[in-house]
Amino acid sequence: MRGETRSYAAARRERAAETDRWLAGLLRSACGPPYDGNGTWTAGGPERAGGEPQAGVALVAVGSLGRGEQAPGSDLDLVLLHDGRHDVAAVADRLWYPVWDSGAGLDHSVRTVEEAVTVAGSDLKAALGLIQARHVAGDPELTRAAREGVLAGWRSEARRRLAELREAADLRAVARGELAFLLEPDLRDARGGIRDVQAMQAVAAAWVASAPGPRVREAHELLLDVRHALHLVTGRGSDRLVLQEQDAVAGVLGLLDAEALMRALAEAGRTVTHAFDATWRAVDRLVNGPPPRGRRPLADGVVEHGGEVVLARDADPRADPVLVLRAAAAAAEAGLPLAQATVNALAVQSPPLPVPWPAEARDALVGLLGAGRAAVPVWEELDQAGVVAGLLPDWERVRHRPQRNPVHRYTVDRHLIETAAGAAAFTREVARPDLLLIAALLHDLGKGWPGDHSVTGAVVARDIGARMGLSAPDVETLERVVRHHLLLPETATRRDLDDPVTISRVAEAVGSREVLELLAALAVADGRATGPAAWNSWKASLVAELVRRVRSVLSGTPVRPAPVLSAAQTSLARHGGGAVRVNGGAVTVVAPDRAGVLWSAAGVLAAHRMVVRAASAASAGATAVIEFAVVPEYGSPPDPATLEADLRLVLAGRLDIGQRLARRAGSARRPRVPVAPPRVTIVDDASNTATVIEVRVRDRPGLLWRIGRAFGDCGLDVRAARVETLGAEAVDVFYVVDRAGRPLTDEAQRALVRDRVLAALR
C-alpha cells in the first residue's frame, strides 16, 4: 500500500520544525527583556534564578502540530503555560497577534500547570491534546510537569475517561459513517479515520492496551498523506474527500486514479477499524473484569478461553488444513471473537486446503456463513490476516474494491460477506441452504474481472464450486444462480409482469423451481446488503409477484388473468373522471386510460417538489392505474389535499403543469461533478405486444414529465412503465405503442423516438 503512494511524512516533519522555529522566535519577542519575577521589566541582567526572558512560560503544541501531523491547511493548537507570571496576559497578546496576522488558524489557551491538569480532568478534548503535547519553546519543566500531571490523572481515572473516549468515538461513527465504505469520506472523524488512531494512542497512554502496531501506523500515514494532498489540491484545510477532488488527490499522491485512491483508503480504514475494535475489547476486559477462566470445547481442536476462541493445546494447524475454517465456524456459531494470536497462528501455519476440498471444509464454511450477522466480524478477522485470499484465490481481485455508486454502501468484498450473512435468514426456505450461502458469498466475484460481472462471475463460481468439491449438478446450479442473480429484481422493476413474454423468458432462464427459490432468497439478501436505495417494499412486492408467476409456469399451471383492480383502486375508479389517493409516500392515481396520464401525474408531483423514487403504470380495461412512491425533495411533504386537487385538475385538462415546471427548471440543482451522458435503449424481444424503451439518466425534477412529453410528441402511448431511482440515477422502462396500439417496427420511427427522448433529457 505505502509503496504505491507518494509520502508527505518528511514534508510534515519539516513543516513542524519550521513552525517550531517561528513560534520560538515569537515567544522570545513576546517575552521581551529580562523579567525580575515581580512584574518589573529591567534593562540589566535577570535578578531571579533562571531569569531568562522566557523563564516561567512554555509554549506547547497540541493537536496536529503537537503530534507532528500538521497538513498545509491545519490550524495551530497552542497552549501557553506559565508559573503565575503577572505579565502573562501581555506576553500572550504579543504572541498570538503575529500568528493571527500571518493568516494561520489558531486555537489557543493560557494556563498554569495546575489549571491545565484540572481542565484535562474534565474536558476530553483538552486531555487528548495534552497527553500528546509537545514542547516548542520556553521552560521545558513546565511542559514536563503538565504532561506528567495530565497522564497521571488519565491513568488513575482510566475507567471513566476511556468510557468518555468510547462514547465520543461511537458518536463520530454515527455522524460520519465508516470511512472504508463512504463515497466522500471524512478522513478525520469517520470510523476508521485519524481520530480513531488517536483514540487508540490515548488508550495505550492509559496503559490498558498496546500502542498501534506497524500495520495501523502504515494505514495512519496513508490517511495523513491523503489529507495532506487534499489540502494541496484545494488550498484550504479540509477533512472531507469529496468526489470532484478525488482524481486530483490521487494524482498528487502518484496513484493511477480515484478508484486506486479509494481502494487504498478502504484498506487503510478497515485496518484501523479492525485494530480499534481489538483495542476496545482490551478496554472492556479492564472495565468488566477478566472473563471466567477455563477452557470450554467448541469443536475439534477449538475451545473458548477468556471470552475468545482459541486453539486447543493439542491442536496442530500444520497437520489439519480444515482447522482454520472449523475454528472460524465455531467462533461465529458461539458469537465470540477469534483471539488475535489464534488467527495469526492459523494464517502462518495452516497448509493450503487440498483440491477438491474435503466435505468437512465445505461444511465448516457453510456453518460459518450460516451464523448470519455473527459471521461478519469473524470473516473480517480472517480477511485481515490474509486467510480468505488463500481459501478463495479470486477474492484478492475484489478485496477493498470500491463501488463508486451511492446505491452501494460497501466495498465489493464486504458486500459479499454481508449478503451471505443476510442469506442465512432464508436457509429454512430453500431446499439447498448450502448452495444459497455459497452463491451469496460468490455472486459478485465477477466484478474483479472486465465485462459483465454476472457472466464473468458465473465462470469464477463454476471454478470455485469445483475447487470446493461440489458435485457436477451442484456446480451447474451454483453457476446458474450467480449468472442470473440480478434476473428477478431487474425483471420485476424494468419489465411488464402482465406481458406473457416476460414470465416465459424468466422461466426459461431459471429452468427449475430449485433455482428459482435460490434466486428469490438471494435477491432479497443482495438488495438489503446493497443499501436502502436498492431494496424497498415496492421492489420486494414486485419480485414476490414475479416469483409467484414464474413458479406457476414451472409447475405447468400458468396463470395470468387480465389485470384487475384492487378493492381500493376500484373504489377510486368510481369517481369517473379520475381519482387520487395520497397516503404518506404512496400516491395512487386511477383515471380513464388515455395518452399522457402517467407523465401528467408525474409533472404535478414534480411541481410540488416530490421526487419520484418508483412508479408502476398499468392498464386494466379502460382504466389506468399508476402507483408512485415519492419523497419530498427537501423539507416537509406538501399538503395532501392540495396535491390531490392539482392532480384532479391536470387529469381534467384544467391545469398547465408544463408552465409550472418551466419555472422550476431555472432553479433546478445541477450535479457537482461531470456525469455520464443519458442513454436510451430500445430493448428488442422483451415483448410481443409493445416496444420496450429503457432510459438511464441522472435523476432530476420533472424527469418523467420530459420523457412522457417526448413520447407524446412522437404519437406514442405508454401502455406500462417501471420507474426506479437508484441513488442519483434513474432507470426507467416504458412499454410504448403507437396510436393503433401496435409496437414500433419502422427503424426510422424508432430512431426518431430515441432522438426525441435524448433531446428531452439534455
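The values are calculated or read from the model by the stated rules, or taken from the named source; none is laboratory data. On a predicted model such as this, the values are computed, not experimentally measured, just so you know. Please note: Cβ atoms are built from the backbone with ideal geometry, for glycine as well, and neighbour counts cover all protein chains shown. In case anyone asks, the SASA skips ligands and DNA or RNA and just uses the protein heavy atoms, side chains included. Shrake-Rupley method; radii C 1.70, N 1.55, O 1.52, S 1.80 Å.
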With all protein chains present, the chain has a carbon and sulfur share of its accessible area (1.4 Å probe) in percent of 51 percent
Put Glu644, Glu18 in order of accessible area, largest first, probe 1.4 Å, and you get Glu18, Glu644
Taking a ≥ b ≥ c as the square roots of the Cα gyration tensor eigenvalues, with a/c under 1.5 meaning rounded and otherwise prolate when a/b beats b/c or oblate if not, the stretch 217-334 comes out prolate
For the chain, the longest principal axis of the Cα atoms and the Cα long axis of helix 597-607 enclose an angle in degrees, to the nearest 10, of 20 degrees
Rounded to whole angstrom, the alpha-carbon centroid of the stretch 167-229 lies from that of the stretch 62-126 at a distance of 24 Å
For Glu490, the accessible surface traced by a 1.4 Å probe with all protein chains present amounts, in square angstrom to the nearest 10, to 70 Å²
With every protein chain kept in place and a 1.4 Å probe, the residues Tyr410, Tyr735, Tyr97 fall, from largest accessible area down, as Tyr97, Tyr410, Tyr735
Heavy-atom accessible area per residue of the chain, all protein chains kept, 1.4 Å probe, expressed in Å², is 43 Å²
Of 447-455, 503-511, 716-724, ordering from highest average Cβ density within 10 Å down gives 716-724, 503-511, 447-455
Extension length gain for Asp685 and Leu286 (0.36 nm per residue less Cα distance), in nm, is 137.0 nm
Highest mean packing first, using Cβ neighbours within 10 angstrom, the peptides 493-501, 677-685 sort as 493-501, 677-685
If each part is reduced to its alpha-carbon centroid, the stretch 379-425 and the stretch 304-352 end up apart, in Å, by 20 Å
So the FRET efficiency between His108 and Arg6, C-beta based with R0 = 30 Å and rounded to 0.05, is 0.35
Between the alpha carbon centres of the stretch 261-278 and the stretch 458-488 the gap in Å comes to 31 Å
For the Glu633, Arg21 Cβ pair and Förster radius 51 Å, calculated FRET efficiency rounded to 0.05 is 0.45
Expressed to two decimals, the chain has a Cα Rg over Rh, using the Kirkwood radius, of 1.07
Of the candidates Leu649, Gly469, Ala169, the farthest towards the positive dipole end of the chain (Lys/Arg Cβ +1, Asp/Glu Cβ -1, centred on the Cα centre) is Leu649
Highest mean packing first, using Cβ neighbours within 10 angstrom, the peptides 354-362, 595-603, 300-308 sort as 595-603, 300-308, 354-362
For the Asn536, Thr234 Cβ pair and Förster radius 35 Å, calculated FRET efficiency rounded to 0.05 is 0.45
